[in-house]
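See structure below.
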């Protein structure tokens, strides 16, 4: 039973990180303002990156995300491999960065999305451009429509995402995702 739960958590964290990188987040749509967002998220896959994410459920009546049940994940992309930390334990990801990118390309074809420049802002002293992103696509089976809306902060100097905040809504379920990207001293984690 414990092995089954760990697999489920690992799959969920890969899914969540995939969404934060390139899944439901709106990317390059024809005639839209999404090319800078698309370029930044694509660049993450081939750049040594340490991604810190948290997902909180939002009450169905609206309001602030519930922090007590937050799920925290970490993902590292380095040397053509991905690593995920679930339940305090690191493991090598089942998906390579190339597989994540291939899946995203399929998701892009199935989504309607838009991006809009909002403002310039500093993130930890680094100049960034902030974009609003919005996406909509059909889910599989009983999931129905999946909608995502949020903001992404992209480094003006490096062209890489620094931070991302977005909500995903599917049927009666809504989650808030917070993602932070780091690019210095990224190494594969110690596997147990």
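Laboratory data are not the source of any read-out in this text; all were calculated from the coordinates shown. Note that the structure is predicted; figures quoted are calculated from it, not measured. Ideal geometry is used to build each Cβ from the backbone, glycine not excepted, and the neighbour counts take in all protein chains shown.
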Computed E for residue 192/residue 103 - FRET, C-beta separation, R0 25 angstrom, nearest 0.05 = 0.35
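Calculate, in nm to one decimal, what residue 119 and residue 151 gain on full extension: separation in residues at 0.36 nm each, minus their alpha carbon distance. Intermediate results must be reported in sequence, preceding the final value.
On the way: separation 32, 0.36 × 32 = 11.52 nm, distance 1.07 nm.
The span from residue 119 to residue 151 would gain 10.4 nm if fully extended.
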message = In region 151-186, whose amide N lies under 17 Å from the spot 7 Å out along Cα-to-Cβ of residue 39? List them in ranges.
response = 152-162
